[in-house]
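Only one structure is covered here, and it is reproduced in the block below.
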Amino acid sequence: MSELSFEQLLEESLKTIRTGEVVTGTVIGVKEDEIILNIGYKSDGIISKNEYTNDSSVNLMNVVQVGDEMEAKVLKVNDGEGQVLLSYKRLAVDRGNKRLEEAFNNEEVLTAKVVQVLDGGLSVNVEGARVFIPASLVSDSYEKNLEKYADQEIEFVITEFNPRKRRVIGNRKQLLLARKAELQKALFERIEIGQVVEGVVKNITDFGAFIDLGGADGLLHISEMSWGRVENPKKVFKVGEEIRAFIKDINGDKIALSLKFPDENPWVMAADNYAVGNVVSGRVARMTDFGAFVELEPGIDALLHVSQISRQHVEKPSDVLAIGQEIEAKVVDFNGEDKKISLSMKALESLEAPVEVSAEEIEVPEAVEEASVAEDAAGEEE
């Protein structure tokens with residue numbers, strides 16, 4: 001048997017490696033863009049900067065030290081110059097993908113940092129592996145600007161896993177909807193009609209405001225915002241404002257709210273405050289050809305007929321009155337059942353010769369009366 005040379009003996013003592021294999025080595029050299037590893041093979045292993053990280057700003061000399069032990073994946077056993085090409089980041093991606101596959105199979109909730117905000121969604125990193133969360137799956141409502149998620153830790157589940165096609169999809173919306181359903185169930189189990197609740201103004205429209213009650217939204221209709229008249233909800237409330245309301249109705253998953261608390265109903269004391277003969281003050285709220293409606297207090301309007309504005313002939317109320325004008329008048333009729341009050345400014349023009357006016361003397365055309373009733377009815381239905 002022939003004797004083996006020293007080189008042959010040394011080569012046989014060294015391990016063999018294959019492409020795709022994971023090897024462990026010791027750092028014996030670090031440059032700004034290259035790491036050199038002793039992997040117990042006849043050639044050293046080389047990890048380029050591109051195979052260590054995707055961050056081009058990283059200086060390898062600041063993150064790796066001589067003597068550190070590292071694992072890496074073999075890309076090429078011989079790069080043509082006798083060196084072994086290794087990859088640190090691909091090993092991390094492989095392990096990250098394995099972690100994602102486990103999470104996908106177990107429907108596990110993951111938490112990861114958003115590393116990039118894209119036009120179509122968010123990119124997060126799970127142990128070196130990238131997960132894409134489409135914009136439509138980021139939230140349970142439309143998100144106009146995704147930038148607020150930059151560098152944030154978010155929770156999600158993996159709903160599609162296909163690393164070969166580089167398609168690993170995360171879903172945050174699914175979690176939000178599930179949690180909202182739990183909160184909604186808990187909310188409906190504890191609320192009832194007439195109960196006072198607290199919430200936050202979530203959205204405001206021309207017809208009302210949607211209030212987040214913590215699990216479901218309640219609608220505060222414009223007609224339920226005040227005992228008085230509200231022209232524009234956006235002038236009364238602001239998004240994010242906290243309010244206290246009571247539940248007027250529950251119909252399936254719909255909740256109707258109201259700020260018209262019964263104990264604050266202005267008509268409770270109206271018979272005393274606006275008895276016939278009382279002199280009252282109010283603000284002109286709106287006008288028609290036949291008269292002006294005067295707001296005595298929020299929730300109580302009174303009719304000042306055109307014939308009762310002055311002793312002088314008045315063609316139409318707008319000739320002598322203006323919206324918002326404060327006036328003083330005498331109550332000449334009070335109907336608590338129909339919630340109607342009639343006023344007269346003419347009765348106050350001369351204290352020496354007061355004008356006695358009865359409700360029968362205020363001639364309101366039948367068609368106008370019907371129009372007024374219809375307007376009041378429409379206001380109640382709003």
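List of remarks:
- Qualifying residue in the stretch 150-167 (condition: more than 18 Å from L110 (Cβ to Cβ), of a type outside the set (S, T, N, Q), modelled with pLDDT of 90 or more and part of a helix (DSSP H, G or I)): no
- Candidate set from the stretch 67-80 (those that are surrounded by 12 or more Cβ atoms within 10 Å (Cβ to Cβ) and over 47 Å from the mean Cα position of the chain (by Cα)); member that is modelled with the lowest pLDDT: D79
- A count restricted to the stretch 133-161 and to residues that are open to solvent by 50 Å² or more (accessible area, probe 1.4 Å), more than 21 Å from K202 (Cα to Cα) and not acidic (D, E) stands at 2.
- Test: residue in the stretch 241-251 that is among the charged types (D, E, K, R), under 22 Å from the mean Cα position of the chain (by Cα) and under 30 Å from A329 (Cα atoms): no
- Exclusive hit being more than 30 Å from I28 (Cβ to Cβ), open to solvent by 60 Å² or more (accessible area, probe 1.4 Å) and outside any loop (DSSP other than H, G, I, E, B), set R95, R130, R90: R130
Table: residues versus (1) over 22 Å from A285 (Cβ atoms); (2) surrounded by fewer than 17 Cβ atoms within 10 Å (Cβ to Cβ); (3) without any contact (Cβ under 8 Å) to a residue 40 or more places away in the chain; (4) of a type in the set (A, V, I, L, M, F, W, C).
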site	(1), (2), (3), (4)
I204	yes, no, yes, yes
G214	yes, yes, yes, no
P233	no, no, yes, no
I247	yes, no, no, yes
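- When the residues of the stretch 287-315 are filtered to those that are closer than 17 Å to G336 by Cα and part of a loop (DSSP other than H, G, I, E, B), the one that is most open to solvent (accessible area, probe 1.4 Å) is P298.
- Count of the stretch 125-179 residues which are in contact (Cβ under 8 Å) with a residue 60 or more places away in the chain, within 23 Å of R90 (Cβ to Cβ) and hydrophobic (A, V, I, L, M, F, W, C): 2
- V284 being surrounded by 16 or more Cβ atoms within 10 Å (Cβ to Cβ), closer than 15 Å to D301 by Cα and without any contact (Cβ under 8 Å) to a residue 24 or more places away in the chain: no
- Filter result (open to solvent by 50 Å² or more (accessible area, probe 1.4 Å) and within 46 Å of the chain's Cα centre (by Cα)) within the stretch 33-66: D33, N50, N54, D55, S56, S57, M61, N62, V63
- Residues satisfying the criterion are present in the stretch 254-271 (criterion: assigned to a strand (DSSP E or B), of a type outside the set (A, V, I, L, M, F, W, C), in contact (Cβ under 8 Å) with a residue 12 or more places away in the chain and loosely packed, with under 12 Cβ neighbours inside 10 Å).
- Checklist (1) of a type in the set (D, E, K, R); (2) assigned to a strand (DSSP E or B); (3) within 17 Å of A112 (Cβ to Cβ) applied to K202, failing item: (3)
- Scan the stretch 162-202 for residues that are open to solvent by 60 Å² or more (accessible area, probe 1.4 Å) and in contact with a Pro (Cβ under 8 Å, 6 or more places away or on another chain) and the total you get is 0.
The values are calculated or read from the model by the stated rules, or taken from the named source; none is laboratory data. Worth saying up front: this structure is predicted, and the values here are computed from it rather than measured. Note that each Cβ is placed from the backbone with ideal geometry, even for glycine, and that neighbours are counted across all protein chains shown. Ligands, DNA and RNA are excluded from the accessible area calculation, which covers all protein heavy atoms including side chains. Shrake-Rupley method; radii C 1.70, N 1.55, O 1.52, S 1.80 Å.
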